[in-house]
Amino acid sequence: MNLVNLFVCLALSVCVLAAPQQRNDEEVVDLLPLAESCDPTICTPPNCRCSSTVLDEDIPYAETPQLVMLTFDDAVTALNYEYIEEALGGRRNPDNCPAAATFFVSHEYTDYSKVHALWAAGHEIALHSITHTPSTEYWKTASVETMIAEFGDQRDTLAHFAAIDRDDIVGVRVPHLQLSGNNSFEAIRRFGGLYDCSWPTQHFIAPGMWPFSLDYASTMDCTLGNCPTASIPGVWVAPMIDWIDTEGYKCAMVDTCPSMPEDDVDATFEWMKENFERIYNSNRAPFGVFLHSAWFLTRQSNFPAYKKFIEYMNSLPDVYLVSVSKAIEYTRDPRAVTGTSAVPPDNPPESEEAEEQQPQPQPQPQPQPQPDSAQEPEQEENHNEEEEIEHEENHIDEEEHGEEENHVDENEHHVDNEENHIEEENHVEGEDEHVVIDPRRRVRRQVRPNSAFNECQAVHENTCVPKVCQLTKTSTGEERWMTSCAPCPAVYPWLGNPLGLREVPQPEENDEE
C-alpha cells in the first residue's frame, strides 16, 4: 500500500512540474539573465561598452573633447523657457553646431508649445514621467507596467501635444533619481528608448565614468534607488557624476547641494568652475550640469552665475555644450579632436546654405559676343533665372515651354541646373564632403572633419500654433489649463489616458460595498 501511495505522489509531482506556470510580469523580469563581468574585447562600441573611466586608449585626454551635458528637470513653462533662451540662445560649439540641452519633461503644468520651440531649436526632449509622484517608494518599487505607463505613454503625450518626432524622444530620468532596479531599464527596452540618466556616482568623479551599456555588469557604485543586476542589451546609462559642495558633500544635481557659496555671482561662478575643472583636468568624461530651473529663483546670484559659467565653458576651444543623447553618440563613436572647428565661427550654416543655392562662382554671365543692345535684356534674364534656382522644378517647366528665341540660353541654364543637382547628390554620398542634406526632414546637417561629431543635431521649423485648453483632471476633478500644439483633448491627459481621449469612469462608493 505504501508503494502505491509513493507512485501516486511521484506521478502527481511530475504532472505539477510539467504543467505550464502562470508568471506575473515581475517574475518574468526576475528571470532576466544575470549580467556577467564585462570583457572590453567582446563588448565594443558602437553597440556595447563596458563601464569604465577610460574612453579609448588611442585617444589622449588632451585630444578628448570635453562634453558638457546641460539638463533641466520638470515642467516646461513660459517662465523657465525665457531663462533658457537668455542663457543658451544663439550659442555655438567649436564645430559651429548650436549648443544644446536636454529637458527631462514632466507632464503636469507643461506648456507644450514651449516644448515644441525647444525641440525645433535643436534641444533634446526626454521623459520625466506623467505623474511625477512625490513618493520615493513608488518609484523604487515600480513594476515594468508602471514604468511603461509613466514613461512609454508619456512619449506619446509629448509627441502628440508638442508636435515632435516620437523617435527623437529616447531618454529617461526617474523622479527623485529612484531607480526600480531591472524594471526601470527593461521598461526602456520595451518601449523603444535608448538611455537612462538617473544613476549618480560618488566614486567615479575624477576620473569620471563614461556612458556604458547594460549588456554586462556595471562597476559603478549604487548610491540611490535600486540599481540593475540583469543583462539588458541596447539600453545605455549616462552616469550622473556628482558635484562637491563647499563643505565636501557630494550631490547629483547642482540645486541639491546642501552647502552653497555665499549669494554672490563671482563666488557661485568660481564654485561651478571648480567642479567643472575637476573633470576637465582629468579624463574628460561627460560633465553634467543637472538642475531644476526653479533654482534660478532661489537666490539672486544663481542665474547670473549660471550664465557666466556657460559663457566661460563656451569660450574654451575643446568644450561642447550638448544634450545627453549627443554625449552617448560620441561615446559610441569616439574620435580625437586636435583643434577647433574647420568652419570659422563667424560663418554660420545659414550663410553657407545661401551661398550653396547659387551657381558656382560666375561673377557675370558672359554670353557669346552680341550687339550691345542685346546684352542688357540677356543679363536681366540670367539674373531672374538665378533667383529661381531654388525652385528647380518650376524653373525647368518654364524652360521647356519658353520662347524659341531664348532656347539656347535656357538650355545652358538647364545644363547648369543638372550639374548643380549632381553636385548636391555628391554632397550626400561623398565621404569627404562637409555638408549633408537629410531629405526626410529637409534639415541641413553639418559634417565637421575635426569635430567631435559627424553632424549637428537636427533643427526644425517651428510649426506649432498654440491652443489654450481648459480641461478637467478626471482623477481629482480639478481644473487644469494646458497649452497644446494639437487640438484640445476631451479631458486632461493622465496615467492610463495619455492623450486625454475619453473620460475614465471613477468607481462609485457603492461599488466598493
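So here's what we get for this one:
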quantity: Hey, Asp221 assigned to a loop (DSSP other than H, G, I, E, B), open to solvent by 10 Å² or more (accessible area, probe 1.4 Å) and over 21 Å from Ala327 (Cα atoms) or not; calculated: no
quantity: Residue that is surrounded by the most Cβ atoms within 10 Å (Cβ to Cβ) [pool: residues in the stretch 113-170 that are of a type in the set (Gly, Ala, Ser) and part of a helix (DSSP H, G or I)]; calculated: Ser113
quantity: Every pair of residues 6+ apart whose Cβ atoms lie under 6 Å, when the first sits in the stretch 253-268 and is closer than 26 Å to Thr201 by Cα while the second is surrounded by 15 or more Cβ atoms within 10 Å (Cβ to Cβ) and among the hydroxyl-bearing types (Ser, Thr, Tyr); calculated: Pro261/Thr268; Thr268/Ser301
quantity: Every residue from the stretch 44-74 that is under 19 Å from the mean Cα position of the chain (by Cα) and open to solvent by 20 Å² or more (accessible area, probe 1.4 Å); calculated: Pro46, Asn47, Asp74
quantity: Contacts under 8 angstrom Cβ, first residue in the stretch 323-339 being more than 16 Å from Thr71 (Cβ to Cβ) and touching a residue at least 40 places away in the same chain (Cβ under 8 Å), partner open to solvent by less than 40 Å² (accessible area, probe 1.4 Å) and of a type in the set (D, E, K, R), 6 or more apart; calculated: Thr331/Arg49; Arg332/Arg49; Val337/Asp318
quantity: Test set (1) at pLDDT 95 or above; (2) open to solvent by 30 Å² or more (accessible area, probe 1.4 Å); (3) more than 24 Å from Trp119 (Cα to Cα) - Asn283 fails condition number; calculated: (2)
quantity: Test: residue in the stretch 248-255 that is part of a loop (DSSP other than H, G, I, E, B) and more than 28 Å from Asp318 (Cβ to Cβ); calculated: yes
quantity: Complete set of residues in the stretch 224-239 that are in contact with a Lys or Arg (Cβ under 8 Å, 6 or more places away or on another chain), open to solvent by 30 Å² or more (accessible area, probe 1.4 Å) and under 22 Å from Pro175 (Cβ atoms); calculated: Asn226
quantity: Hey, Pro258 open to solvent by 40 Å² or more (accessible area, probe 1.4 Å), over 21 Å from the mean Cα position of the chain (by Cα) and either closer than 26 Å to Gly90 by Cβ or of a type in the set (S, T, N, Q) (or both) or not; calculated: no
quantity: Within the stretch 68-78, tally of residues that are touching a residue at least 60 places away in the same chain (Cβ under 8 Å) and either under 22 Å from Glu311 (Cβ atoms) or among the β-branched types (Val, Ile, Thr) (or both); calculated: 5
quantity: Unique residue being modelled with pLDDT of 95 or more, farther than 22 Å from Leu499 by Cα and in a helix (DSSP H, G or I) when the list is Ala87, Ala62; calculated: Ala87
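The values are calculated or read from the model by the stated rules, or taken from the named source; none is laboratory data. Nothing here was measured: the structure is a model prediction, and the numbers come from that model. Please note: Cβ atoms are built from the backbone with ideal geometry, for glycine as well, and neighbour counts cover all protein chains shown. Ligands, DNA and RNA are stripped out before the accessible areas are found, and what is left, the full protein with its side chains, is counted by its heavy atoms. Shrake-Rupley method; radii C 1.70, N 1.55, O 1.52, S 1.80 Å.
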